[in-house]
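The values are calculated or read from the model by the stated rules, or taken from the named source; none is laboratory data. All values derive from a computational prediction rather than experimental measurement. We place every Cβ from the backbone using ideal geometry, glycine too, and count neighbours over all the protein chains shown.
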Amino acid sequence: MSEIELKNLTIDFGGFKAVDDVSLTVKNGEFVVYLGPSGCGKTTTLRCIAGLVKATSGEVLFDGKRVNDLTASERNIAMVFQFVSLYPHLKIRENIVFPLKARGVPRAEIARKLDWVTEVFKLGDDLDRYPAALPPGARQKVALARAVIRDPAVLLLDEPLSAIDEQFREEMRWELGHLQRQLGVTTIYVTHDQREAMSLADRIVLMNNSRIVQVSEPDRIFFDPVDVFAGQFIGSPSMNLIDLVPVDGGLRLGDSGVTLTAAQHDLPAWALGSRRPLKLGVRPLNVHLVDDAAQGVPLEIDDVFSVGRERFFSFRIGEAVHQGVDKRASRTGAATRVRFDPSGLLFFDAATGRRVTGEIAA
Ligand SMILES: Nc1ncnc2c1ncn2[C@@H]1O[C@H](COP(=O)(O)OP(=O)(O)O)[C@@H](O)[C@H]1O
Ligand SMILES: [Mg+2]
């Protein structure tokens, strides 16, 4: 096990910074998930920690020791990628012990370790099969077993489940989280799938455009996003984002004729008094229908659809389509009143996209 520290890490590919001044500490035994859209620099960061890509500037430390100049094999890391390659002509047991044999580990120790990973990964039935006989999920499990059998200080996983069928992926995800806690190995897991990140991570490192946007526990990042990007990247269906234009007596919703006023909405005074345009972030689960004419704002239901047991409705403000959830939503084209839960309102500076929780200095 190891603590990993990145200090002002920058990785430049011919003038393009794939990783731009990233600092982060991953604690001993922690499960950290790197999350972000495709191309934001996740894999490059991971490969740098592994020793496969050189840092242009900044430092990578394992347990406080600088490893920038160590090769991948000197770092005691194990890495598993999206597409694993097992040796097709070797049985599963031979595939798993391959790294130990290659290092000349004594036979008795190899046997002991094989027993251990077989038990942990429940691979007993598969040991004497060949890779081609196993479904992709099981092969990925073998790759993980092969990765951890030599007690790596750090486990690096780059979208290891994304090539696996949806149904099996859920199960693997659960198992992987369980295994990591059992092994206690410091783990960095890369994904672009926010649900995967939410269910696995001790902490999520949210990345965008080569930089870290936010580092938080999954719940915190959901309820307390630092900016519009974080608010919209996490959560499904995505957070609604509605322009709020300061007008006399309240905040107008986009280019609609509808104004949120103090009397009807439990809005913070600083937001109502804001002279700068804001954006309102509100998740569909915090948008409902109300009958009471004194509550909510008059809008028109655009469409209605069900996802599982939830009934969603969409409504338009100007050109933008937003969503809410309410069991009673049924007719489209119907005039209705929509209420935004005061507890679910997030405000952002329209100019910068940063979250605002109080008056913005002019
Ligand atoms: N060896 C390389 N040379 C030049 N550009 C690269 C190299 N590796 C990655 N990139 C670029 O760096 C950016 C980040 O890539 P990557 O780390 O793979 O993103 P992610 O894993 O988040 O999808 C991308 O724009 C990619 O094209
Ligand atoms: Mg990648």
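Tell me which residues, restricted to the range 1-56, are of a type in the set (A, V, I, L, M, F, W, C) and touching a Gly at 6+ places or on another chain (Cβ under 6 Å). Full working, then the answer.
As a first pass, look at the range 1-56 and keep what is of a type in the set (A, V, I, L, M, F, W, C): 1, 4, 6, 9, 11, 13, 16, 18-19, 22, 24, 26, 31-33, 35, 40, 46, 48-50, 52-53, 55.
Selection gives MET1, LEU9, ALA18, VAL19.
Could you tell me whether GLN232 is modelled with pLDDT under 90 and either surrounded by fewer than 16 Cβ atoms within 10 Å (Cβ to Cβ) or closer than 24 Å to THR352 by Cα (or both)? Explain how you work it out, then say what you get.
Numbers: modelled with pLDDT under 90: no; either surrounded by fewer than 16 Cβ atoms within 10 Å (Cβ to Cβ) or closer than 24 Å to THR352 by Cα (or both): yes.
Here the answer is no, as GLN232 does not meet what is asked.
Kindly evaluate ASP63 against the criterion of being in the same structural domain as LEU156 (by TED's automatic domain parsing), closer than 30 Å to HIS178 by Cα and of a type outside the set (Val, Ile, Thr). Spell out how you get there, then give the answer.
Numbers: in the same structural domain as LEU156 (by TED's automatic domain parsing): yes; closer than 30 Å to HIS178 by Cα: yes; of a type outside the set (Val, Ile, Thr): yes.
Taking the combined requirement at face value, the residue satisfies it.
Identify, from the list VAL205, VAL142, the residue that is β-branched (Val, Ile, Thr) and within 16 Å of ligand 1 (Cβ to nearest atom).
On the way: VAL142 fails: within 16 Å of ligand 1 (Cβ to nearest atom).
Exactly one residue qualifies, and that residue is VAL205.
Does at least one position in the range 279-293 carry a residue that is at pLDDT 90 or above, under 24 Å from ALA197 (Cβ atoms), surrounded by 15 or more Cβ atoms within 10 Å (Cβ to Cβ) and in contact with a His (Cβ under 7 Å, 6 or more places away or on another chain)?
Checked against the condition, which is being at pLDDT 90 or above, under 24 Å from ALA197 (Cβ atoms), surrounded by 15 or more Cβ atoms within 10 Å (Cβ to Cβ) and in contact with a His (Cβ under 7 Å, 6 or more places away or on another chain), the range 279-293 yields no hits at all.
Suppose the filter is β-branched (Val, Ile, Thr) and within 16 Å of ligand 1 (Cβ to nearest atom); does ILE149 pass it? First the steps, then the outcome.
Values: β-branched (Val, Ile, Thr): yes; within 16 Å of ligand 1 (Cβ to nearest atom): no.
For ILE149, the condition - β-branched (Val, Ile, Thr) and within 16 Å of ligand 1 (Cβ to nearest atom) - is not met.
How many residues does the range 86-101 contain that are at pLDDT 95 or above, surrounded by 14 or more Cβ atoms within 10 Å (Cβ to Cβ) and in a loop (DSSP other than H, G, I, E, B)?
The number of residues fulfilling the criteria is 2.
Only one residue in PHE31, PHE81 is within 24 Å of the chain's Cα centre (by Cα) and under 30 Å from GLY15 (Cα atoms), so which one is that? Break it down into steps so the answer makes sense when it comes.
Details: PHE31 fails: under 30 Å from GLY15 (Cα atoms).
That would be PHE81, the only listed residue that is within 24 Å of the chain's Cα centre (by Cα) and under 30 Å from GLY15 (Cα atoms).
Can you pull out every residue in the range 2-20 that is surrounded by fewer than 17 Cβ atoms within 10 Å (Cβ to Cβ) and part of a loop (DSSP other than H, G, I, E, B)?
Within the range 2-20, GLY14, GLY15 meet the criteria.
Say whether the condition of being assigned to a helix (DSSP H, G or I) and under 26 Å from the mean Cα position of the chain (by Cα) is met by at least one residue in the range 344-351.
From the range 344-351, those assigned to a helix (DSSP H, G or I) are 344; that's our starting set.
Filter again for under 26 Å from the mean Cα position of the chain (by Cα), leaving 344.
Yes, because at least one residue in the range 344-351 is assigned to a helix (DSSP H, G or I) and under 26 Å from the mean Cα position of the chain (by Cα).
Can you pull out every residue in the range 121-147 that is surrounded by fewer than 17 Cβ atoms within 10 Å (Cβ to Cβ), in contact (Cβ under 8 Å) with a residue 12 or more places away in the chain and of a type in the set (A, V, I, L, M, F, W, C)?
Scanning the range 121-147 gives LEU127, ALA132.
For residues that are more than 16 Å from ligand 2 (Cβ to nearest atom) and charged (D, E, K, R), scanning just the range 21-63, find the one that is surrounded by the fewest Cβ atoms within 10 Å (Cβ to Cβ). Spell out the reasoning first.
The initial filter retains those residues of the range 21-63 that are more than 16 Å from ligand 2 (Cβ to nearest atom), namely 21, 23-31, 51, 54-63.
If we keep only those that are charged (D, E, K, R) too, we end up with 21, 27, 30, 54, 59, 63.
Values: ASP21: 15, LYS27: 15, GLU30: 19, LYS54: 11, GLU59: 14, ASP63: 13.
Across the range 21-63, the extreme among qualifying residues is LYS54.
Quick test for you: out of LEU206, LEU176, pick the one residue that is among the hydrophobic types (A, V, I, L, M, F, W, C), modelled with pLDDT under 95 and surrounded by 15 or more Cβ atoms within 10 Å (Cβ to Cβ). If you could, list the steps in order and put the result at the bottom.
Values: LEU206 fails: modelled with pLDDT under 95.
Selected residue: LEU176, the only one of LEU206, LEU176 that is among the hydrophobic types (A, V, I, L, M, F, W, C), modelled with pLDDT under 95 and surrounded by 15 or more Cβ atoms within 10 Å (Cβ to Cβ).
Are any of the residues in the range 169-183 within 16 Å of ligand 2 (Cβ to nearest atom) and in contact with a strand residue (DSSP E or B) (Cβ under 9 Å, 6 or more places away or on another chain)? It would help to see each step written out before you state the result.
To start, the set of residues in the range 169-183 that are within 16 Å of ligand 2 (Cβ to nearest atom) comprises none.
No - not one qualifying residue is present in the range 169-183.
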